[in-house]
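One structure below.
Only the coordinates and a few stated rules stand behind these numbers; no lab work does. Predicted model only: the values in this text are computed from it and were never measured. Glycine also receives a Cβ, built like all others from the backbone with ideal geometry; neighbour counts cover every protein chain displayed.
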Amino acid sequence: MTQFNDLNLDPKVLKAIAEAGYETPTPIQAGAIPPALEGRDVLGIAQTGTGKTASFTLPMITLLGRGRARARMPRSLVLCPTRELAAQVAENFDTYAKHTKLTKALLIGGVSFKEQDALIDKGVDVLIATPGRLLDHFERGKLLLTGVQIMVVDEADRMLDMGFIPDIERIFGLTPFTRQTLFFSATMAPEIERITNTFLSNPEKIEVARAATTGENIKQGVVKFAPSRKDRESAEKRALLRRLIDAEGEACTNAIIFCNRKMDVDIVAKSLKKYGYNAEPIHGDLDQSQRTRTLEGFRSGDVTILVASDVAARGLDVPSVSHVFNFDVPSHAEDYVHRIGRTGRAGRKGTAVMICSPRDEKNLEDVERLVQSQIPRLDNPLGTTAADETPDEAEERPRRGRSRRVERNAPKAAERDAKAKPEQSKPEQSKAEQPKAEQPKAETVTEVQQPRPAPAPEAKAEQPRAQQRGRSGRDRRRDDADEQVVGMGEDVPAFILKSFKERRAG
Ligand code: AMP
């Protein structure tokens, strides 16, 4: 097996790697570092989680160690599709270059031009940027790309999805023809192939297995979900999500929840918060300082659940994410690979659970075709919702037949649900915060009954919900009646109630 010492890296880089605790190079590192150090172009087909960032950063630092930075003319350029990914590459650079004197600048939106200009004016060895921001600087005449000796394009497939390919082509054109190019993409779409044929010269091609999907360290599952009624779909789906999180119990130390739509990212995060979960949203419409704060909080453990869009979480490197929940099946099958690759990193174990609505079936087929295996079906903890079922019944069902794992987690859920309770009466809450099916009735079930082990029908009759809330006898009778004789109105004659109870008990 190749060792880092065999790779001809600068001793200062080797020292930093040892300090980072890396023992052996990952396949993409073993494959990409030797040709990169020889000055050759590299085409790496690898996704995040494979160690690809170090596969270009380590040889870059080694090669750049031999020269000096010049004002306004960075010697190398790393292009990333998102601010987060760029910030992460910058962090990696700091880790691996800590024993060298190399300098870097991070050019991303949301950070003032002034600070960035000052760095560029001084001269930097490595410029890490998103394409739009880089071109903004170029157009303001503050930057020359003619000194770029090494250019890295990271996550090219995402650049394609985000419409950055024309920018990338333009940036290629601004750098010297003699530059060395290290190009990374998780997939080779025809457009990506065209770019590599145009701008790379006889590259060494290294393709690494989709570790995230084939690796046994990620336990995957999909839960089929059919709403009881169209207008209750989102609330029921969020209830299902909470059950799925709770079902993981203590094993779920932190999680990323992916939603296909930004709007859902906000709604799901708000709803989870309302139920006492420590959740924050992250997507492209939030301002940069908030995104950075949220990510830092998630990395440090202050935030335990990150609700994210694909773009915002792209390339996010938090080595110990225990769970990924897909609130929707992604509409681009490849996103599934990226999403679940947020967990099970660096050889750790991870769990990825996905919710599949009937309308997601086609996307699920695409995902399974891509990963070439069937994702195991998991039982829906809410049961199979029938078309004529009310939301209350949907909420109650698991109470009658909950899995043991959920019950094990019950005290946690109780804490959260108790926390959720006072918030429900807040007058300033928006509609999104109080979705219809999550309002009083459905929540009554969750608040009061979920934490207790499922009672037998008799015990339930003896201890109705109203008693626990300290309400009047009349109210209690009404609740009892609601539970036992649905649709009989407020004044259920006692004899009817009695006969129902007796029949049930028998
Ligand atoms: P990346 O694919 O670059 O996002 O890296 C995924 C994770 O693997 C990061 O947390 C790295 O710190 C970690 N990593 C990279 N290379 C190695 C290695 N050779 N040994 C152990 N961990 C690594």
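Around the amide H of GLY344, modelled in the peptide plane, lie the amide H atoms of VAL321, GLY350, THR351, all under 5 Å away and 5 or more residues distant in sequence or on another chain.
Candidates PRO330, ALA235, ILE218 compared by Cα position along the dipole of the range 214-342: farthest toward the positive end lies ALA235, with charges placed on Cβ. Taking other C-beta atoms within 10 Å as the exposure proxy, PHE258, PHE4, PHE177 rank PHE177, PHE4, PHE258 from fewest upward. Note on the range 24-98 and the range 109-183: Cα centroid distance 14 Å, given to the nearest whole angstrom. Each residue of the range 109-125 was assigned a 3J(HN,Hα) from its phi angle through the Karplus expression (A = 6.51, B = -1.76, C = 1.60, θ = phi - 60°), giving x, x, 10, 5, 4, 4, 4, 5, 4, 4, 5, 5, 4, 5, x, 10, 7 Hz with x at Gly and Pro.
Shown in residue order for the range 9-23 are the 3J(HN,Hα) couplings computed by the Karplus curve 6.51 cos²θ - 1.76 cosθ + 1.60 at θ = phi - 60°: 7, 4, x, 5, 5, 4, 5, 5, 5, 4, 5, 6, x, 7, 9 Hz (x for Gly and Pro).
Based on other C-beta atoms within 10 Å, arrange PHE138, PHE164, PHE183 from fewest to most. Could the numbers behind the result be given before it?
Values: PHE138 17, PHE164 20, PHE183 24.
Ascending number of Cβ neighbours within 10 Å: PHE138, PHE164, PHE183.
Debye-formula intensities of the range 218-396, expressed as log10 I(q)/I(0) at q = 0.10, 0.20 Å⁻¹, are -0.36, -1.48 (one equal scatterer per alpha-carbon, no solvent). Of the residues SER357, SER185, SER289, the one with the fewest other Cβ atoms within 10 Å heads the list, and the complete ranking is SER289, SER357, SER185. As an exercise, use a Förster radius of 45 Å and the Cβ-Cβ distance of ALA20 and ARG229 to find the FRET efficiency, rounded to the nearest 0.05. The pair ALA20/ARG229 has a calculated efficiency of 0.30.
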